[in-house]
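Here, each number is a calculation from the coordinates, and none is a lab measurement. Since the structure is predicted, the reported quantities are computational estimates derived from the model, not experimental observations. Note that we place each Cβ from the backbone using ideal geometry, even for glycine, and neighbour counts take in every protein chain shown.
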Amino acid sequence: VLYIREIAVLYPGTTTNGPASWKDDPEASAILNTAIQIGKSRGVAVIPLFATATEAAPLIVDTAATIGADFLILGASGRGSLAKVLRGNVATQVAASLPDNIQLIIHG
């Protein structure tokens, strides 16, 4: 499970600092801990991945390809956030860049 905390670029060369670990980010911690517990209850190993980035799409595609994912499920922590993702270009960028052997599922 990959959780990306998008960070703002204030001006070229600088960004806002985000938490260094998912355990230090309350929202990421809640989501990843829930995923871990659901995985345990179903006998599925869950590997929590956390990153901060100025652009989510390239990181999502790179991570899915690097770990050899068969499926990529794209979602967001809240309906409002998911709507922003889907209205924006993240889902479009991911779909355009994702290797053909990885199936894309948008959940929300």
Quick one: which residues, 5 or more positions from I106 or on another chain, have an amide H under 5 Å from its amide H? H modelled 1.01 Å from N in the peptide plane, none for Pro or chain starts.
L74
Test of understanding: what is the full-extension gain from A51 to A35, defined as 0.36 nm times their sequence separation minus their Cα-Cα distance?
4.1 nm
For the pair D70/R5, report the inter-label distance in nm, with labels modelled 7 Å from Cα in the Cβ direction.
3.3
